[in-house]
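The values are calculated or read from the model by the stated rules, or taken from the named source; none is laboratory data. Every value quoted in this text rests on a predicted model; they were computed, and no experiment measured them. Positions of Cβ are generated from backbone atoms using ideal geometry, with glycine treated the same way; all protein chains shown enter the neighbour counts. Just so you know, the surface numbers come from the protein's heavy atoms only, side chains and all, with ligands and any DNA or RNA stripped out. Shrake-Rupley method; radii C 1.70, N 1.55, O 1.52, S 1.80 Å.
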Amino acid sequence: VNSSDILFDQLVAAKLDFAICRVPQGGDAGLVTCQEIAREPIAFVTRKDHPLAKQDDVTIKDMLVYDWVLPNSTIPLAASVLGHVAALGYPPPNQRLTTGSFLLTLAMLQQSNAIAPLARAVADQFAAGSDTALARLNMRGDIWVSPYSLMTRKNALLPRGAQTILGIFRQIIERETVSK
């Protein structure tokens, strides 16, 4: 488990047999074979008693007055969010902390008025229920991260065990894709 840039680099360097990740900004997609899994929606998260937490139809403009916690702009999630902000005609968030640490992100959300974009599935795990410290903002519209894929190095000869596990992953992906 790591960010796509690290997983991709490890895959290309033959330190991994396969990875579930995205081709990072500047990565050579020609070095890998990709089986697309899904696009990923983004949600914005704050502490539960944040001024925007109970507001309906929160906009990017509403959020820009607060601090943001973002991964590095080369990470697909941050690139998607910053691209969306720019497409709406807004400058990037003025006050932002750049970190790849999920624990630091959670700590900043709980102890400040900061806002952080997270994968919606992750946001729902940490901001669902009445006993959580975080809240998912009610934002109109969706922002999506580029699709993640099951990747292998092109023309790589995988060990027998890796081939077996890779085959299981491929069957699951195909079954889930057909059922959607």
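If ARG170 passes every condition in (1) free of Cβ contacts under 8 Å to residues at least 40 places away in the same chain; (2) within 25 Å of ASP28 (Cα to Cα) but one, which one does it miss?
Of the numbered conditions (1) free of Cβ contacts under 8 Å to residues at least 40 places away in the same chain; (2) within 25 Å of ASP28 (Cα to Cα), the odd one out for ARG170 is (1).
Quick one: count up the residues across region 127-147 that are of a type outside the set (D, E, K, R), within 23 Å of THR74 (Cβ to Cβ) and open to solvent by 60 Å² or more (accessible area, probe 1.4 Å).
1
Based on what the data block shows, is ASP124 farther than 18 Å from CYS21 by Cα, surrounded by 13 or more Cβ atoms within 10 Å (Cβ to Cβ), among the acidic types (Asp, Glu) and out of contact with any Ser or Thr (no Cβ under 9 Å at 6 or more places or on another chain)?
Judged against the criteria, ASP124 is a match.
Hey, among SER101, SER149, SER130, which residue is modelled with pLDDT under 90, among the small types (Gly, Ala, Ser) and more than 28 Å from ASP56 (Cα to Cα)?
That would be SER101, the only listed residue that is modelled with pLDDT under 90, among the small types (Gly, Ala, Ser) and more than 28 Å from ASP56 (Cα to Cα).
With LEU109, LEU97, LEU118 as the choices, which residue is over 22 Å from ALA38 (Cβ atoms), among the hydrophobic types (A, V, I, L, M, F, W, C) and open to solvent by less than 50 Å² (accessible area, probe 1.4 Å)?
So the residue among LEU109, LEU97, LEU118 that is over 22 Å from ALA38 (Cβ atoms), among the hydrophobic types (A, V, I, L, M, F, W, C) and open to solvent by less than 50 Å² (accessible area, probe 1.4 Å) is LEU109.
Hey, any hits in region 20-31 for a residue that's open to solvent by 60 Å² or more (accessible area, probe 1.4 Å), more than 12 Å from ILE75 (Cα to Cα), in contact (Cβ under 8 Å) with a residue 60 or more places away in the chain and outside any strand (DSSP E or B)? Steps first, answer last, please.
First, the residues of region 20-31 that are open to solvent by 60 Å² or more (accessible area, probe 1.4 Å): 20, 25-26, 28, 31.
After this cut, where a residue has to be more than 12 Å from ILE75 (Cα to Cα) as well, the list is 20, 28, 31.
Among the residues that remain, those that are also in contact (Cβ under 8 Å) with a residue 60 or more places away in the chain are: 20, 31.
With the extra rule that they be outside any strand (DSSP E or B), the set shrinks to 31.
Looking through region 20-31, at least one residue is open to solvent by 60 Å² or more (accessible area, probe 1.4 Å), more than 12 Å from ILE75 (Cα to Cα), in contact (Cβ under 8 Å) with a residue 60 or more places away in the chain and outside any strand (DSSP E or B).
Applying the selection to region 148-180, what residues are farther than 24 Å from ALA14 by Cβ and either open to solvent by less than 40 Å² (accessible area, probe 1.4 Å) or acidic (Asp, Glu) (or both)?
GLU174, GLU176
Conditions (1) surrounded by 14 or more Cβ atoms within 10 Å (Cβ to Cβ); (2) in contact (Cβ under 8 Å) with a residue 40 or more places away in the chain; (3) among the small types (Gly, Ala, Ser), marked per residue:
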| position | (1), (2), (3) |
| --- | --- |
| HIS50 | yes, yes, no |
| MET63 | yes, yes, no |
| VAL69 | yes, yes, no |
| LEU77 | yes, yes, no |
| SER80 | yes, yes, yes |
| HIS84 | yes, yes, no |
| SER101 | no, no, yes |
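Examine region 127-140 for a residue that is assigned to a helix (DSSP H, G or I) and out of contact with any Cys (no Cβ under 9 Å at 6 or more places or on another chain), and state whether such a residue exists. Explain how you work it out, then say what you get.
Initial filter on region 127-140 (assigned to a helix (DSSP H, G or I)): 127.
Among the residues that remain, those that are also out of contact with any Cys (no Cβ under 9 Å at 6 or more places or on another chain) are: 127.
For region 127-140, residues assigned to a helix (DSSP H, G or I) and out of contact with any Cys (no Cβ under 9 Å at 6 or more places or on another chain): present.
ALA14 - would you say it is in a loop (DSSP other than H, G, I, E, B) and either touching a helix residue (DSSP H, G or I) at 6+ places or on another chain (Cβ under 7 Å) or farther than 23 Å from THR105 by Cβ (or both)?
yes
For SER4, indicate whether it is closer than 22 Å to GLY100 by Cβ and in contact with a Phe, Trp or Tyr (Cβ under 9 Å, 6 or more places away or on another chain).
The answer is yes for SER4.
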